[in-house]
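Below: one structure, written as structure tokens.
The values are calculated or read from the model by the stated rules, or taken from the named source; none is laboratory data. All values reported here derive from a predicted model rather than from experimental measurement. Glycine gets a Cβ as well: all are built from the backbone with ideal geometry, and neighbour counts include every protein chain shown.
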Amino acid sequence: MFETVTIATGLGDSLTDITDQVRALIKERAVKSGVCLVVVPHTTAAITINSGLDPATVQDVVDDVRRLVPTRTDFHHIVDTPSDAAAHIKASLIGNTETVLIEDGDLVLGHSQSLLFFDFDGPRQRRVMVKIIEG
């Protein structure tokens, strides 16, 4: 069984720190040691681990992903909109899963590391699946 974190995202490309929500699930399950799998079941969203301490870092990451994959009209696959096509590519580059160890009842992350949820096609109601495996 997995748990679900629900996220309401803003317009366009955005990054949301979901570390506290995932930590709460681990605490609720009282898991002291194990593995936490975080999976994004959307084709226009992604998950990554990066610094969540400084909001400017988050903005730089969003800005540079936009620079790397700009919205344009010459994509071969434009079923919905050009921004939807760009979102598919951005999500593929970032990825849809992260695996984090759990030790002493908490995620094993570096001091400045956070679980950051990318939405490349907001605003939307999104979900992230979290599987906590004890052991």
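Does region 92-108 include one or more residues that are of a type in the set (S, T, N, Q), loosely packed, with under 15 Cβ neighbours inside 10 Å and either touching an Asp or Glu at 6+ places or on another chain (Cβ under 8 Å) or modelled with pLDDT under 90 (or both)? Reasoning before the result, please.
To start, the set of residues in region 92-108 that are of a type in the set (S, T, N, Q) comprises 92, 96-97, 99.
In the following step, the residues that additionally are loosely packed, with under 15 Cβ neighbours inside 10 Å were identified as 92, 97, 99.
In the following step, the residues that additionally are either touching an Asp or Glu at 6+ places or on another chain (Cβ under 8 Å) or modelled with pLDDT under 90 (or both) were identified as none.
No, region 92-108 contains no residue that is of a type in the set (S, T, N, Q), loosely packed, with under 15 Cβ neighbours inside 10 Å and either touching an Asp or Glu at 6+ places or on another chain (Cβ under 8 Å) or modelled with pLDDT under 90 (or both).
Could you say whether any residue in region 117-125 is among the basic types (K, R), under 24 Å from T6 (Cβ atoms) and part of a loop (DSSP other than H, G, I, E, B)? Write out each step before concluding.
Just the residues of region 117-125 that are among the basic types (K, R), to begin with: 124.
Then drop every residue that is not under 24 Å from T6 (Cβ atoms), which leaves 124.
So of that shortlist, the ones also part of a loop (DSSP other than H, G, I, E, B) come out as 124.
Yes, the conditions are met somewhere in region 117-125.
For residues in region 124-135 being at pLDDT 95 or above and more than 16 Å from A91 (Cβ to Cβ), which is surrounded by the fewest Cβ atoms within 10 Å (Cβ to Cβ)?
Q125
Can you pull out every residue in region 29-75 that is part of a strand (DSSP E or B) and within 21 Å of H111 (Cα to Cα)?
S33, G34, V35, C36, L37, V38, I47, T48, I49, N50, S51 - these are the residues of region 29-75 that are part of a strand (DSSP E or B) and within 21 Å of H111 (Cα to Cα).
Among (1) of a type outside the set (K, R); (2) at pLDDT below 95; (3) under 15 Å from G122 (Cα atoms); (4) surrounded by fewer than 17 Cβ atoms within 10 Å (Cβ to Cβ), which single condition is H76 missing?
It is condition (3) that H76 fails.
Name the residue, out of V61, V40, V35, that is surrounded by fewer than 16 Cβ atoms within 10 Å (Cβ to Cβ) and closer than 17 Å to S114 by Cα.
That would be V35, the only listed residue that is surrounded by fewer than 16 Cβ atoms within 10 Å (Cβ to Cβ) and closer than 17 Å to S114 by Cα.
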